[in-house]
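To start, the structure under review is shown below, and the notes come after it.
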Amino acid sequence: MAIPEHVVSMRVQIDPGKVAAVQRACDKNAWLYAESGGKDGIVPVIYKVSRRHTSEEIFARIVRLWHAIDRPNVQIQLVASELAQGVLRRTKNTAIRMRIIDRAAE
């Protein structure tokens, strides 16, 4: 089953409409997530990293986004970059599901 990608760009504020759309997608796929033991039914959200921010600032924004969406089957995706690697390292000891994607997948 193909799961649509929801592109969410969080510049300054978190857009409640975009968060609600991601939540609906997560809720729609919650059964698949539960049935597969968390291996399927994941809704990817591509976070566009701005070079104007540090990895700590981006991490803080991702934490805000993660808490705003508040669904276990959401995955935050960052386009591969040095900043993205720093953010990924910061999420290792958190519940935030995150991965780095190739620029071609953007």
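Throughout, read-outs are computed from the coordinates displayed, never taken from laboratory work. Please read these numbers as outputs of a predicted model, since none were measured by experiment. Note: ideal-geometry Cβ built from the backbone for every residue, glycine included; neighbour counts use all protein chains shown.
Taken residue by residue, region 15-34 has at least one member that is over 18 Å from Ile101 (Cα atoms) and of a type in the set (Ser, Thr, Tyr). Region 7-101 holds helices (runs of 4 or more DSSP H) entirely within its bounds, and those carrying 1 or more residues that are of a type outside the set (Phe, Trp, Tyr) and under 15 Å from the mean Cα position of the chain (by Cα) map to 16-28, 55-69, 82-91. Is it the case, given these coordinates, that Arg90 is charged (D, E, K, R), out of contact with any strand residue (DSSP E or B) (no Cβ under 7 Å at 6 or more places or on another chain) and either without any contact (Cβ under 8 Å) to a residue 24 or more places away in the chain or under 22 Å from Asp15 (Cβ atoms) (or both)? Against the criterion (charged (D, E, K, R), out of contact with any strand residue (DSSP E or B) (no Cβ under 7 Å at 6 or more places or on another chain) and either without any contact (Cβ under 8 Å) to a residue 24 or more places away in the chain or under 22 Å from Asp15 (Cβ atoms) (or both)), Arg90 does not qualify.
Name every residue in region 16-28 that is closer than 15 Å to Asp70 by Cβ and not small (Gly, Ala, Ser), in order of residue number.
Listed by number, the residues that qualify are Pro16, Lys18, Val19, Val22, Gln23, Arg24, Cys26, Asp27.
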